[in-house]
1. Compare 85, 262, 68 in a GNM of the chain, Cα atoms joined below 10 Å, and give the one with the largest fluctuation.
2. Rounded, prolate or oblate: which one fits region 15-118, using the alpha carbon gyration tensor with axes a ≥ b ≥ c (rounded when a/c is under 1.5, else prolate when a/b beats b/c, else oblate)?
3. Region 99-160: which chymotrypsin sites (Phe, Trp or Tyr not before Pro) are DSSP loop and have at most 12 other beta-carbon atoms within 10 angstrom?
4. If I take R0 = 41 Å and measure r between the Cβ atoms of residue 235 and residue 129 in this structure, what FRET efficiency does the formula 1/(1 + (r/R0)^6) give, to the nearest 0.05?
5. Between residue 23 and residue 120, what length in nm is gained on full extension when 0.36 nm per residue of separation is reduced by their alpha carbon distance?
6. Taking 30 Å as R0, compute the FRET efficiency from the Cβ-Cβ separation of residue 92 and residue 149 and round it to 0.05.
7. Among the trypsin sites (Lys or Arg not before Pro) within region 62-152, which fall in a DSSP loop and have no more than 12 other Cβ atoms within 10 Å of their own Cβ?
8. Only helices at least 20 Å long along their axis, Cα-based, and averaging 0.0 or more on Kyte-Doolittle count here, so list those DSSP H runs from the chain.
Amino acid sequence: MSTLTTPVRAPGATSGPTPLRRKSKAGWNLLGLLVFVTAGFPVYWMLNTAFKPAKDAIDPDPSVLPTGLTLSNFSRALDIADFWGPVGRSLVVSLAVVLIGMVVGLLAALAISRFAFRGRKIVIVGILAVQMVPLVAMIIPVFLLLNDLGQYDRLTGLIITYLTFILPFTVWTLRGFIVNIPKELEEAAMVDGCSRTSAFIRVVFPLLAPGMVATSVYGFIQAWNEYLYALMLLSQKNQTATVWLGNFTTKHGTEYAPMMAGSTMMAVPIVVLFLLVQRKMAAGLTAGAVKG
């Protein structure tokens with residue numbers, strides 16, 4: 001005959017989470033909810049204003065909940081000025097900055113992470129120093145330099161300018177991802193007959209792909225949302241999407257509802273891009289979080 005035995009519980013031991021743990025979990029959940037509301041409310045207000053009648057957008061006592069839905073603000077936004085031209089130019093600039101930045105940034109990050117050379121620490125410190133310089137402090141030197149090079153009021157000049165602050169970010173971020181990939185993987189591939197380049201392409205690059213996706217998305221967002229240099233370095237005929245939003249502010253006032261409609265349309269490419277790469281981006285954000 002078999003006998004059933006009950007586990008012996010230590011004195012004072014309890015099953016399940018303790019009240020202190022439950023309170024701590026509830027506190028973190030409340031904090032997360034507060035952060036979500038704080039970050040999401042401006043987006044909600046933009047959408048709410050974009051779809052409400054124009055007269056309700058300037059109501060001194062606005063309603064938090066939608067009072068009426070209309071698409072007239074979107075048609076007004078498309079009629080007030082050329083929309084597709086600025087959006088197309090923003091896409092060209094942003095994609096060019098991301099492609100050039102990823103190629104150059106990957107090579108630079110690989111050199112800093114895998115090779116020991118004289119002045120390596122100075123290069124790393126220099127990258128950090130460039131990132132700490134305020135963009136507004138460089139607007140006059142950049143303007144004079146592009147004017148001397150004949151790149152003022154040209155998209156190529158704007159692309160070069162954007163690379164000055166997106167490229168250091170790309171190099172520093174990719175360096176963190178590359179450092180987390182053990183060198184032993186490359187060495188094992190080279191022992192099996194691969195060259196250094198082949199080992200990088202076959203072993204390191206697939207592991208680095210999530211980090212590259214995350215870095216590319218952030219670089220694209222930075223280039224897409226930049227306003228100051230696009231305003232100062234391009235004329236109205238070559239304006240980008242962010243500068244295009246200034247057309248809603250006239251001497252008669254600001255048309256807030258059409259402006260929010262234009263902002264909503266501008267946000268669509270970013271949202272679509274994020275939805276396409278969200279899994280790779282989440283993996284990339286956690287891949288570089290161990291050490292740097």
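1. Maximum among the listed residues: 68.
2. Working: a/c = 4.47, a/b = 1.09, b/c = 4.10.
Oblate, because a/c is 1.5 or more while a/b does not exceed b/c.
3. On the way: sites: 115, 117, 143, 152; in loops: 115, 117, 152.
When the chymotrypsin sites (Phe, Trp or Tyr not before Pro) of region 99-160 are filtered for loop state and at most 12 Cβ neighbours within 10 Å, 115, 117 remain.
4. 0.80
5. Values: separation 97, 0.36 × 97 = 34.92 nm, distance 4.84 nm.
Gain on extension, residue 23 to residue 120, equals 30.1 nm.
6. On the way: r = 19 Å, r/R0 = 0.65.
After rounding to 0.05, the efficiency reads 0.95.
7. Details: sites: 76, 89, 114, 118, 120, 121; in loops: 118.
Answer by residue number: 118.
8. Numbers: long enough: 19-51 (46 Å, 0.53); 84-114 (44 Å, 1.77); 155-179 (34 Å, 1.65); 205-225 (29 Å, 0.89); 256-287 (41 Å, 1.26).
Those that clear 20 Å and a mean of 0.0 are 19-51, 84-114, 155-179, 205-225, 256-287.
Where a number appears in this text, it was derived from the coordinates with a stated rule and is not lab data. None of these values were measured; they are calculated from a predicted model. Positions of Cβ are generated from backbone atoms using ideal geometry, with glycine treated the same way; all protein chains shown enter the neighbour counts.
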